[in-house]
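This report concerns only the one structure given below.
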Amino acid sequence: MSRQHRSGVSRALNVFGPFLGLILVIALFALIPEVQGRFLRMANFKSVATQSVIVALGALGMTLVIVSGGIDLSAASNIALASVITAYAVNAGAAPIAAVLLGVLTGGLVGFANGALVTRLRLVPFIVTMGMMGIARGAAKWIAGNQKIDAPMTWINELMAKAPRPSWLLMAPGIWIVILFAVAMAVLLKYTVFGRHIFAVGSNEATARLCGIRTNRIKVLVYAVSGLFCGLSGVMEFSRLTVGDPTVAVGLELDIIAAVVIGGGSLNGGEGSILGTMIGVLIMSFLRNGCTMMGWPNYIQEIIIGAIIIIAVAIDRLRHRKD
C-alpha cells in the first residue's frame, strides 16, 4: 500500500470512524429485543442529550487542550468547585446571573492557574493538573463545609429541565447552549489564527516557537478557555442537582478525555475536532443509557467504556506508527 493511499485511509478513519462507532452503538441496542421498544423513543434520545450536557461542555475545552498537546486531569474537580461556588452565591442572596458568572469565572481561574504553572514552571501538564485536581476538590469541600449546599430555586435550575419552559424550546436550554458553543468552537478551531496556532503548538512546539508563535501564551489561553467551560459545566451540574455538592463528578475527567480521544483527538497533540468530540460524547452517553436499560451493573459499564478507551488510543498509536 502506497504512502499516499495509507494517508487517505487514515484521514477517512479520522472523519468517519466516530460516526460509524455511533451508528454501531445505536444499532446494537436497537436490535436487542429487551430494550429496543424503549431505546428508540424520542423521549429517550432527549434524555440522553440532556445527560450529555455536562460532559459535552467539559469536552469542548478539553479538545483545545489535547489538540495543543496537553491534558487536564483537574476538569472534574473544577466542575465540582464551580457547582459549589454557584450554590454558595445563590444561597448568599446573589442575583442568579451573578452566581452563574462567578461559577464560570471560578472555572476559568483554575484553568488559568493550570496554564500559568505548566508554562512558567515548565512542568508536564499531567503533574500540574493532577495536583490541581486535589486542590480544587479540597477547596470545594472547604467552602461547602464538607457537605452539600442547598440553594433556593431560581431560573438556573431550569437550564437542565427535561421539560423546558417555554415549551417551544423542545429540549433543555443546556442542550442549546452546548450546540451554540460547539459551533463557535468549531469555527474558532478551524478558521481562526488562534485555532491554527493551537494545532501548530500541538504538532511541533519547537517549530511553532521558531515560526514566531507565542507558544506559552497559546497554552495559557487554551487552559483558561478549558477552565471556563468546566465552570459552565459546574453551573449545569448545580442546575441538575439543585444543590452544590463538592463530591460530584468524581472520575468525570476520564469520560471527558475519552470523548475527545474516541472522537479522533490524539493524545500526541495536533489532531482533533469539535464534531468528532461531540460524536464521542454521544457514543459514551448511548452506551451508558443502553447498559442501564439492560439492567447491567455499573461495573460492566466501566469495563466496556474502559475497553473502548484502550481501543481508541491503540488505533491512534497504530495510525501514527504507519504515518
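The values are calculated or read from the model by the stated rules, or taken from the named source; none is laboratory data. Note that this is a predicted model, so its numbers are computed, not measured. Every residue, glycine as well, gets a Cβ built from its backbone with ideal geometry; the counts of neighbours run over all protein chains shown. Please note that ligands, DNA and RNA were not included when accessible areas were found on the heavy atoms of the full protein model with its side chains. Shrake-Rupley method; radii C 1.70, N 1.55, O 1.52, S 1.80 Å.
The stretch 263-302 to the stretch 94-121: how many Å between their Cα centroids?
26 Å
Averaged over all directions, how much area does the convex hull of the C-alpha atoms of the stretch 42-169 cover when projected, in nm²? Each step should come with its number before you reach the end.
Working: hull surface 37.6 nm².
Mean projected area of the Cα convex hull: 9.4 nm².
Among the lysines, which fall within straight-line cross-link reach of K46, defined as a Cα-Cα distance under 24 Å, with same-chain neighbours fewer than 8 residues apart omitted?
K162
Expressed as a rounded percentage, what relative contact order does the chain have, with Cα pairs under 8 Å and six or more residues apart? Don't skip to the end; give the middle numbers.
Values: 554 pairs, mean separation 107.5, N = 323.
The value is 33 percent.
Using the Kirkwood radius over C-alpha pairs as Rh, can you work out the diffusion coefficient of the chain via Stokes-Einstein at 4 °C, viscosity 1.567 mPa s, in µm² per second? Please list the in-between numbers first.
Details: Rh = 20.2 Å.
In µm²/s, the coefficient rounds to 64.
Based on Cα coordinates alone, diagonalise the gyration tensor for the stretch 146-223, multiply each eigenvalue by 5, take square roots, and list the semi-axes in whole Å, largest first. Before the final figure, lay out the partial values.
Details: eigenvalues 307, 67, 11 Å².
With the √(5λ) rule applied to the stretch 146-223, the semi-axes are 39, 18, 8 Å.
Among P33, H197, V67, which residue has its Cα furthest toward the positive end of the charge dipole of the chain, with +1 on Lys/Arg Cβ and -1 on Asp/Glu Cβ?
H197
Could you calculate the contour length gain from A92 to I304, that is, 0.36 nm times the residue separation minus the distance between their Cα atoms, to one decimal place in nm? Don't skip to the end; give the middle numbers.
On the way: separation 212, 0.36 × 212 = 76.32 nm, distance 4.26 nm.
Taking A92 through I304 to full extension adds about 72.1 nm, to one decimal.
Please give every one of the aspartates and glutamates within straight-line cross-link reach of K148, meaning a C-alpha to C-alpha distance under 14 Å, and leave out same-chain neighbours fewer than 8 residues apart.
E237, D245
Suppose R0 equals 45 Å. What FRET efficiency, 1/(1 + (r/R0)^6) with r the Cβ-Cβ distance, do K162 and R217 give to the nearest 0.05?
Values: r = 41 Å, r/R0 = 0.92.
Calculated transfer efficiency: 0.60.
Over the chain, what percent of the accessible surface lies on carbon and sulfur atoms, probe 1.4 Å?
Working: 10780 of 15660 Å².
Accessible surface attributable to carbon and sulfur in the chain totals 69 percent.
Counting other Cβ atoms within 10 Å, which trypsin sites (Lys or Arg not before Pro) in the stretch 200-237 have at most 14 and lie in a DSSP loop?
Values: sites: R209, R214, R217, K219; in loops: R214.
Sparse-neighbourhood loop trypsin sites (Lys or Arg not before Pro): R214.
At 222 nm, what helix-only mean residue ellipticity would the chain give, in deg cm²/dmol to the nearest 500, using -39500 (n - 2.57) for each DSSP H run of four or more? Kindly include the intermediate steps, with their values, before the conclusion.
On the way: 13 runs with 239 residues, N = 323.
Helix contribution divided over all residues of the chain: -25000 deg cm²/dmol.
Using a 1.4 angstrom probe and counting only protein chains, how large is the accessible area of Y299 in Å², to 10?
140 Å²
What are the residues whose amide H is under 5 Å from the amide H of G263, where those residues sit 5 or more places off or on another chain and H is modelled from the backbone?
G280
Kindly report the accessible area of the chain per residue (heavy atoms of protein chains, probe 1.4 Å, no ligands, DNA or RNA), in Å². Please report the intermediate quantities before stating the final value.
On the way: 15660 Å² over 323 residues.
On a per-residue basis, 48 Å².
Using the Cα atoms of the stretch 195-262, I'd like the radius of gyration and the largest Cα-Cα distance, Dmax, both in angstrom.
Reported Rg and Dmax, both Å: 16.2, 50.
Taking 0.36 nm per residue of separation and subtracting the Cα-Cα distance, what length does fully extending L121 through K141 add? Walk me through the intermediate numbers first.
Details: separation 20, 0.36 × 20 = 7.20 nm, distance 2.72 nm.
Taking L121 through K141 to full extension adds about 4.5 nm, to one decimal.
Identify the trypsin sites (Lys or Arg not before Pro) of the stretch 73-158 meeting these criteria: DSSP loop state and at most 13 other C-beta atoms within 10 Å of the C-beta. Intermediate results must be reported in sequence, preceding the final value.
On the way: sites: R120, R122, R137, K141, K148; in loops: R122, K148.
Here the trypsin sites (Lys or Arg not before Pro) that fit, given the DSSP loop and packing criteria, are R122.
Of the options S239, I256, V220, report the single residue whose Cα projects farthest towards the positive end of the charge dipole of the stretch 212-268 (beta-carbon charges: Lys, Arg +1; Asp, Glu -1).
Ranked along the dipole, the leading option is V220.
Working out 0.36 nm times the residue gap between R41 and L210, then minus their Cα-Cα distance, what length gain in nm do you get to one decimal? Intermediate results must be reported in sequence, preceding the final value.
On the way: separation 169, 0.36 × 169 = 60.84 nm, distance 5.42 nm.
Working it through step by step, the gained length comes to 55.4 nm.
Determine which residues of the stretch 273-290 fall in the zone a paramagnetic label at I315 would reach in this model, i.e. backbone nitrogen under 18 Å from the point 7 Å along Cα→Cβ.
273-288
In debye to the nearest 20, how big a dipole does the chain give about its Cα centre with +1 on each Lys and Arg Cβ and -1 on each Asp and Glu Cβ? It would help to have the intermediate numbers written out before the result.
Numbers: 25 positive and 13 negative charges, 166 e Å.
Dipole of the chain, to the nearest 20 debye: 800 debye.
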